[in-house]
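Report on the following structure.
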Amino acid sequence: MIKKSDLEKYSSAATLSDMEIFIFPELLYSLVLANIMSPVIWTWQEDPWFQDIDSMPPYKKILRLKQFIMDNFDFNLDLETWGLTTKEQELSRFSPFMDEKIISRSNALFGYEGDKYYFDVDIRKHFGIDKYNSNIIPYWKTETVEAMEAFKYKNTYEKGAGECVSIATLYAAALFIICKIPLEDIFLMATPLHSQNFIDLKDGILTNNRRLVTKNMWFNGTKLTVKAQRAMRNEQITIVSHISGYIHTIYPEATINTGAYTRFEQKLKKFLSTDVNFEILCNFLRQETQFQKCFQIKHMHNGKERFIEAEKAYEYENTSTSRLNEHTMDKLLLEIDSYDFYSEPLKDRIFLDKFNEFFKNYKIDFRDKKNIDKLIKELECPHIRKSDIFDALFEFCHLEPRLPSKDREFIESEPVFLTTDMDRNEIISTLESLREKNTTVDLAFYAYRDFSKTDWKPFLKAALERNPVSIEGCKNLSEVEVIEIIKKMPDESIYDGSRVAQPDEVWNFHRGDGLEKAMCILNILNNRNSYKNIKISLEENTVNLIIDNSLITFSSEKNLTGTIMLDNDFN
């Protein structure tokens with residue numbers, strides 16, 4: 001039996017909105033565990049794409065997984081997928097757990113606009129929220145792997161989909177199951193506007209929505225990488241979640257293992273910093289285009305010197321596989337039309353190519369003032385202050401992530417030991433044995449939606465309070481029309497066994513088991529407040545929906561028995 005004080009948290013495991021995860025950080029890893037328990041990712045092992053994956057080195061395994069996710073899932077940020085709510089309603093829900101001012105400062109949906117970058121882009125317009133009244137916000141629910149796959153049933157989608165938290169938790173589970181990456185080496189990071197993972201493998205790997213970012217890629221200066229950096233450069237990391245626990249920037253207690261968090265902090269900071277060399281300088285100029293006008297490139301061709309503006313050479317990268325760096329610069333320059341070169345050096349421009357030799361003679365350490373002075377001297381340019389170039393170069397090469405402070409009371413939680421050689425049944429059995437000792441594990445079974453292993457009340461609370469899409473979709477339909485449309489949906493649940501879909505999953509994916517259909521109708525009619533007596537009676541393979549004195553019967557394969565009444569006390 002769920003304690004009354006915990007009912008909001010446990011009901012949130014069924015809807016998993018970004019806001020709910022922010023308030024109840026245990027939920028982030030609960031979804032990872034739910035996805036690990038799910039049969040879906042385990043079936044991927046039989047896909048021909050993963051044939052012989054066990055013989056591959058770890059990074060190649062991860063690349064295989066990345067391409068599979070790219071091929072099978074889209075990134076989805078449709079604000080209306082899971083409906084809308086209001087700031088007032090959500091603040092009322094969460095006021096017992098967190099102060100409104102703290103929520104507003106820390107969460108994207110309640111006034112948070114990050115640093116200057118987010119003020120510049122106008123955060124409400126950036127995410128399309130500006131078309132609604134200022135108090136209206138999207139639920140932005142995080143999908144289970146089943147719900148992600150089920151997007152293929154929506155008319156506007158050709159394959160699965162999910163928002164950033166969904167993709168991050170999917171990646172974490174799949175890295176463990178498919179790539180055999182230990183959970184101890186996977187860290188989830190949530191910011192007010194984004195979610196991504198850090199994998200402690202060699203120099204480190206970041207998952208960023210569907211893509212991967214290695215340390216070399218982080219410093220390549222491309223537009224795609226700049227987008228991948230936005231959250232880390234502009235936001236506070238709110239939550240770090242791990243198999244050992246979590247740390248939250250707001251809460252004074254943390255459950256993550258201190259040794260694991262220190263390792264993560266050190267590895268992430270190392271990932272986000274690099275020494276400057278010729279390739280890094282070229283990558284920096286690729287990103288910071290305003291400084292390209294300070295540079296020119298000298299090239300020997302047919303025994304003669306010729307010269308070209310740096311910005312013109314960078315333009316040619318767009319149509320070439322070669323790049324401006326030590327290894328392919330000559331090849332790129334040979335692809336450029338001779339008419340674009342000059343026979344004499346360009347006035348008041350620094351020779352970019354001279355830095356190839358410079359960095360072979362001098363290793364620049366940003367902590368060493370003498371090293372810095374040598375580099376600054378070489379960056380003399382009349383077009384722009386050399387200190388501006390240097391400051392921007394330092395920022396390019398070094399990012400200090402804003403992590404939750406270690407000034408916390410670390411509370412040891414019951415450890416969860418899952419190994420990559422366990423099969424699915426062993427994992428579920430292990431997690432079941434830990435439910436009474438570990439809240440995150442217990443919540444995982446609620447995120448997993450198994451009615452045979454959970455109290456139904458949290459699920460029902462979520463179903464009747466936070467499923468607005470089905471209500472909105474039927475607002476102009478009569479009771480008879482609502483029932484007829486839902487009854488005609490395919491009798492097919494997106495969840496296996498005794499696991500149950502929420503009403504809006506039934507409506508969005510246009511399918512459901514008889515029990516799920518009955519609950520979808522229950523949610524819609526309950527919202528109309530036109531009936532005093534509605535209940536659902538489950539009798540093995542039959543579900544009876546009783547509305548006043550009317551009886552509607554559905555078939556069900558959930559093999560559940562019991563009664564669902566509208567007089568449940570959810571408050």
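Since every read-out is calculated from the coordinates, none of them should be taken as a lab result. What you are looking at is a predicted structure, and each value in this text was computed from that prediction instead of being measured. Here the Cβ positions follow ideal geometry from the backbone for every residue, glycine too, while neighbour counts run over all protein chains shown.
Numbers below:
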| read-out | value |
| --- | --- |
| Mean Cβ neighbour count within 10 Å, used as a protection proxy, ranking 67-76, 5-14 highest first | 5-14, 67-76 |
| In Hz, Karplus ³J(HN,Hα) per residue of region 206-223 (6.51, -1.76, 1.60; θ = phi - 60°; x = Gly, Pro) | 9, 8, 9, 6, 7, 9, 10, 10, 8, 4, 4, 5, 4, 10, 8, x, 7, 5 |
| Potential lengthening between K363 and Q89 on full extension [0.36 nm per residue; Cα-Cα distance subtracted] | 92.9 nm |
| Region 278-397, Cα convex hull volume normalised per residue, Å³ | 106 |
| Residues with amide H under 5 Å from that of Q296, placed H, sequence gap 5 or more | A310, I350, F351, L352 |
| Highest to lowest packing among 143-152, 36-45, scored as the average C-beta count within 10 Å | 143-152, 36-45 |
| Cβ-derived FRET efficiency at R0 22 Å, D455 paired with T553, nearest 0.05 | 0.25 |
| By average C-beta atoms within 10 angstrom, highest first, the peptides 155-163, 211-219 | 211-219, 155-163 |
| For region 456-565, Kirkwood radius (reciprocal of mean inverse C-alpha pair distance, Å) | 13.6 |
| Full-stretch length increase - T289, T319 - with 0.36 nm per residue and alpha-carbon distance subtracted | 9.1 nm |
| Nearest-0.05 FRET efficiency for W49 and E344, computed from C-beta distance (R0 51 Å) | 0.40 |
| Equivalent-ellipsoid semi-axes of the chain, from the Cα gyration tensor, Å, largest first | 52, 24, 23 |
| Whole-Hz ³J(HN,Hα) from phi, Karplus 6.51 cos²θ - 1.76 cosθ + 1.60, for region 136-146, glycine and proline x | 8, 9, x, 6, 6, 6, 8, 8, 5, 4, 5 |
| Residues L334 and K202, FRET efficiency given R0 of 35 Å [Cβ-Cβ distance, rounded to 0.05] | 0.55 |
| Partner lysines for K487 [C-alpha distance under 19 Å; skip if fewer than 8 residues away on the same chain] | K154, K475, K517, K535, K558 |
| Count, lysine Cα pairs under 24 Å in region 282-363, 8 or more residues apart or across chains | 21 |
| ³J(HN,Hα), Karplus 6.51/-1.76/1.60, whole Hz, each residue of region 509-524, x for Gly, Pro | 9, 6, 6, x, 5, x, 4, 5, 5, 4, 6, 5, 5, 4, 4, 5 |
| Per-residue [θ]222 nm for the chain (sum of -39500 (n - 2.57) over DSSP H runs n ≥ 4, rounded to 500) | -12000 deg cm²/dmol |
